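Heads up, the thing below is written out as structure tokens.
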Amino acid sequence: MKHNIFLSIVLPYRNFNIKSSFSLPFRAGVHPALMKIGVGVLPWLNILLFVFANPVKGEQKTDHNLGFRLGIVDVEGTIGTGIGLGGHLAFPEIARALQIETSLLFTYASYNEYYRRAPGGDLYWYKGSFTDISVNADLKYRFVLQRSRWSPYLGAGLGMHSIHYDYPEWWTADRSKLELGLNILVGIEYLTPSNMKIFTEVRGIVSGPDQLGLYGGLAFPLKGRSATKKR
């Protein structure tokens with residue numbers, strides 16, 4: 001069973017606003033919090049872009065930057081909420097407002113659970129942990145706001161996840177695995193006068209298990225200064 005989230009995004013292009021509408025299919029069983037990105041966050045972001053997007057005045061051209069982040073991550077199932085941290089390397093724009101970003105992220109969560117070894121048998125309590133180390137490559141589209149240092153962005157990409165579960169010795173399930181995941185990003189960044197960026201980001205990961213993270217972080221320019229390019 002698939003659920004469709006209908007999105008309508010205003011894309012500024014020179015003196016015109018191109019309105020692009022599309023739907024995203026989600027498979028049944030995806031972390032419920034991922035659905036909130038579409039039904040909760042994106043409609044408000046769409047209104048913000050419609051009101052403030054300005055393709056005429058100019059844009060902030062982005063150079064190399066190195067960033068660090070820290071946040072909380074909700075993991076699908078009984079694992080619950082853990083911490084997430086990592087760093088990223090963003091490259092100069094490959095096209096108007098399009099940027100490639102690579103990142104290394106670490107997620108850790110500990111949890112308590114009861115397990116019945118056999119139907120009708122005794123319940124056993126154990127403490128486990130979940131660890132995910134991922135290497136990601138994402139494509140981000142930044143929206144320029146009129147006379148503002150704020151830049152909302154959307155993005156998507158892929159990540160390779162090295163996942164490890166710490167189970168009791170008698171647990172027979174696989175303890176480690178590699179998973180390919182789909183990343184969905186919604187965020188906003190602020191460019192300071194010193195060209196440092198402060199950002200917050202919601203990152204959804206469709207993988208096994210699905211994850212939803214809320215991050216905050218800083219990014220520092222590696223080369224030159226961010227410039228405003230007039231159109």
(request) Please specify each residue of region 135-155 satisfying the condition of being assigned to a strand (DSSP E or B) and open to solvent by 40 Å² or more (accessible area, probe 1.4 Å). (result) Val135, Ala137, Leu139, Tyr141, Trp150
(request) Could you list, in sequence order, all residues of region 211-231 that are modelled with pLDDT of 95 or more and open to solvent by less than 50 Å² (accessible area, probe 1.4 Å)? (result) Gln211, Leu212, Gly213, Tyr215, Gly216, Gly217, Ala219
(message) Can you report the number of residues in region 157-171 which are at pLDDT 95 or above and either open to solvent by 50 Å² or more (accessible area, probe 1.4 Å) or not in a strand (DSSP E or B) (or both)?
(response) 3
(message) closer than 21 Å to His161 by Cβ, open to solvent by 10 Å² or more (accessible area, probe 1.4 Å), free of Cβ contacts under 8 Å to residues at least 60 places away in the same chain and among the aliphatic types (A, V, I, L, M): is that true of Ile83 in this structure?
(response) yes
(request) Go through region 88-98 residue by residue and tally those that are part of a strand (DSSP E or B) and open to solvent by 20 Å² or more (accessible area, probe 1.4 Å). (result) 3
(message) Take the conditions open to solvent by less than 60 Å² (accessible area, probe 1.4 Å), acidic (Asp, Glu) and at pLDDT 50 or above and apply them to Glu59. Does it pass?
(response) no
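The values are calculated or read from the model by the stated rules, or taken from the named source; none is laboratory data. Fair warning: this is a prediction, and the values are worked out from it, not measured in the lab. FYI the Cβ positions are ideal-geometry reconstructions off the backbone, even for glycines, and counts take in every protein chain you see. Protein only, heavy atoms only, side chains kept; ligands, DNA and RNA dropped before computing areas. Shrake-Rupley method; radii C 1.70, N 1.55, O 1.52, S 1.80 Å.
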